[in-house]
Amino acid sequence: MQDFLKTLGLEAENSGVSTGLNWLPVDKTRQTAIHSPVDGSLIGKLNKGGAAEYDQVLATAEKAFQTWRLIPAPKRGEIVRQIGNVLRENKRPLGQLVSYEMGKSLQEGMGEVQEMIDICDFAVGLSRQLYGLTIASERPNHRMMETWQPLGIVGVITSFNFPVAVWAWNAMLAAVCGDVVIWKPSHKTPLSAVATQKLLAGVLKENQVPEGVFSLITGDTRDISERLTLDHRVPLISATGSTRMGKLVGRACADRFARTILELGGNNAIILSQEADLKLALPAIVFGAVGTAGQRCTTTRRLIVHDSIYDSVREKLVTAYSSLKIGNPLDEKNHVGPLIDLDAVKTMQAALVSLKNQGGKVIFGGDVLSGPGYETGTYVRPAICEAENSYPIVQEETFAPILYLIRYKSIEEAIALQNGVQQGLSSAIFTNNMREMEKFLSPAGSDCGIANVNIGTSGAEIGGAFGGEKETGGGRESGSDSWKIYMRRQTVTVNYGTTIPLAQGIKFDL
Ligand code: NAD
């Protein structure tokens, strides 16, 4: 067993259900083996939960909420501060596990844990704010204000490509807001979630946090995720994953008027102007397109290049891609690790075939690597392709390192191409021209949740609200005022006078 697995307390066989301090004794009938996409080794076995465990987790969470909501927010923040410290102490082993189970580079694995630490810090400060407004009342001797109350149980469904950070973005804010959290991690990366939950246990025990404030449940979609989305006891579902999944979750939640934070697929583009500083742009494009082997929601999938520099940019990109080192992501010399599984490899290959059938060209890479170090069949060479924005395959998010090059002549055309897809997550322009930049940021500019200038599409800081428009789902999480969705807004009016005047001057004398 790798040392970092031992440090994190993972065993050969692990329960996949926890209510905080306790792990439920789950039998082996739903056991699954988790293998690394890096080298195919068995990381550990996981005993998943079923309907009975789901009921137990829900009942425990409901009870925990009754107590947790009454604890002052800064005291809840203190627990989150301590969780942040435990993550600091375990940044390397948890980053190593994320890298080993998901396949992203060690740098990115540790960066993901850093995001968890950052959101803890953010949430601690927030725990001393959670402020409402005082509003002028039209009635004499009345005070009107807006207060924010805890909401209840928050169901957090996470995707494989950010096995732990997405939970932290949600859970740390929800916790300071007085909510309790049930985490349903991706079935592809559950052991990173189990390890994270184990790291919390010491803090929860030391501070006598009620059982059920932070729960984890793994299990099949029908047993767990569908129950969670249909459950009237869960007023908010935060779901990160594919647009297909988001449509199902969104419909189920709308039917019972539950709130949702939907963080779904992206189809992100960079506009590369003829006035761009290519020294800045090229590394940002390459990192955006090949980082996490193209498996980030913010991955750069389309490069919209001005006609006058198109040929030279194409050549520079081919040169840069030729120098990429592909291999074990735990070896820091490598730039690109594996795809998550063989299905992802098949999907990428099928996308390249569709591209050719639709009139496009693969000008570099795209092949599946074989030979020593590549025995898993999950390593691919990132592809550069020439395409039209209108091709059906370009309109889709293929979760793999495929970069489509598209030409433009005017900035208006470039913006129309960038917006001309159903997804609306991240967008960027590289230009030194102020007019182009301002146009890109204007009401007639990018229609995405994230718009960057002289920065790539990939990655984001936790201080800003994160999320996207259109089929990306419209959710916002993490920074800014995203906390408000985890709370119930209440308008409060207090009459401290001796009469009972009605609003709008309505008379009602008895
Ligand atoms: P996925 O949709 O296959 O799975 C995501 C999660 O949803 C998993 O936990 C899965 O078990 C669960 N799930 C699947 N079917 C469900 C159902 N019917 N009801 C409830 N839950 C269900 O996605 P994935 O392959 O894990 O992740 C990749 C996708 O996630 C990409 O599309 C990517 O763009 C997106 N993503 C988006 C963001 C964002 O913030 N916008 C962030 C990360 C990933």
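The values are calculated or read from the model by the stated rules, or taken from the named source; none is laboratory data. Just so it is clear, the structure is predicted and the values come from calculations on it, not from any experiment. Positions of Cβ are generated from backbone atoms using ideal geometry, with glycine treated the same way; all protein chains shown enter the neighbour counts. Calculation scope for accessible area: heavy atoms of the full protein, side chains included, ligands and nucleic acids excluded. Shrake-Rupley method; radii C 1.70, N 1.55, O 1.52, S 1.80 Å.
Report Rg/Rh for the chain, rounded to two decimals, where Rg is the Cα radius of gyration and Rh the Kirkwood radius. Could the numbers behind the result be given before it?
Working: Rg = 24.5 Å, Rh = 24.1 Å.
That ratio is 1.01, to two decimals.
Sequence-ordered 3J(HN,Hα) estimates for region 100-114 from the Karplus curve with 6.51, -1.76 and 1.60 and θ = phi - 60° stand at 6, 7, 9, x, 6, 5, 4, 4, 6, x, 6, x, 5, 5, 4 Hz, glycine and proline given as x. The longest part of the chain holding none of the exposed loop GluC sites (Glu not before Pro), meaning those outside H, G, I, E and B in DSSP with at most 14 other Cβ atoms within 10 Å, is 139-331. Exposed loop sites here are chymotrypsin sites (Phe, Trp or Tyr not before Pro) assigned a DSSP state other than H, G, I, E or B and surrounded by at most 12 other beta carbons within 10 Å; excluding them, the longest clear run of the chain is 258-495.
Placing +1 at every Lys and Arg Cβ and -1 at every Asp and Glu Cβ, with all other atoms neutral, what dipole size does region 268-461 have around its Cα centre, in debye to the nearest 20? Please list the in-between numbers first.
Numbers: 16 positive and 21 negative charges, 55 e Å.
That gives region 268-461 a dipole magnitude of about 260 debye.
Its residues counted as N, region 268-461 yields a C-alpha radius of gyration over 2.2 N^0.38 Å of 0.98. Phi angles of region 462-470 translate, via the Karplus equation with coefficients 6.51, -1.76, 1.60 and θ = phi - 60°, into HN-Hα couplings of 6, x, x, 5, 10, x, x, 9, 6 Hz per residue; Gly and Pro are given as x.
Heavy atoms of the protein chains alone define the surface here; on that basis region 438-510 has 58 Å² accessible area per residue at 1.4 Å probe size. Site pair GLN395 and ASN454 shows an inter-label distance of 3.6 nm when each label is modelled 7 Å from Cα along Cα→Cβ. Would you pull out the residues with amide H under 5 Å of GLN274's amide H, same chain only if 5 or more places away, H placed 1.01 Å from N? Under 5 Å from the amide H of GLN274: HIS306.
The modelled label-to-label distance between ASP307 and SER41, using points 7 Å beyond Cα along the C-beta direction, is 5.5 nm. Placing a pseudo-label 7 Å from each Cα along the Cα-to-Cβ vector at GLU388 and THR7 gives an inter-label distance of 5.3 nm. Using 0.36 nm per residue and subtracting the Cα-Cα separation, the extra length available between ASN432 and LYS333 on full extension is 32.4 nm.
On a straight-distance basis, which aspartates and glutamates could pair with LYS104 in a cross-link, Cα separation under 12 angstrom, same-chain partners fewer than 8 positions away excluded? Qualifying aspartates and glutamates at Cα under 12 Å: GLU112, ASP331, GLU332. Taken one residue at a time, the phi angles of region 61-73 give Karplus couplings (6.51, -1.76, 1.60, θ = phi - 60°) of 5, 4, 5, 4, 4, 4, 8, 4, 5, 8, 6, x, 3 Hz. Gly and Pro are set to x.
Over 25 Å between C-alpha atoms is what I'm after, so list which of LYS439/LYS484; LYS6/LYS188; LYS198/LYS247; LYS316/LYS470; LYS6/LYS205 land there. With Cα atoms farther than 25 Å apart: LYS439/LYS484; LYS198/LYS247; LYS316/LYS470. Projecting the Cα atoms of GLN129, GLY365, TYR408 onto the charge dipole of the chain, computed from C-beta unit charges around the Cα centre, puts GLN129 farthest toward the positive end. Helix 342-357 versus the longest principal axis of the chain: what is the Cα-based angle in degrees, 0 to 90, to the nearest 10? Around 60 degrees separate the two axes.
In debye, nearest 20: dipole of the chain around its Cα centre with unit charges on the Cβ of K, R (+) and D, E (-)? Mind dumping the intermediate values first?
On the way: 51 positive and 53 negative charges, 154 e Å.
The calculation lands at about 740 debye.
Given the -39500 (n - 2.57) contribution per DSSP H run of 4+ residues, what per-residue ellipticity at 222 nm results for the chain, rounded to the nearest 500 deg cm²/dmol?
-11000 deg cm²/dmol
Remark: the SER323-THR498 segment gains 55.0 nm on full extension, using 0.36 nm per residue and subtracting the alpha carbon distance.
Shape of region 156-290 from its Cα gyration tensor (a ≥ b ≥ c, root eigenvalues): rounded if a/c is under 1.5, otherwise prolate when a/b > b/c, or oblate? Prolate is the answer for region 156-290, as a/c is 1.5 or above and a/b outweighs b/c.
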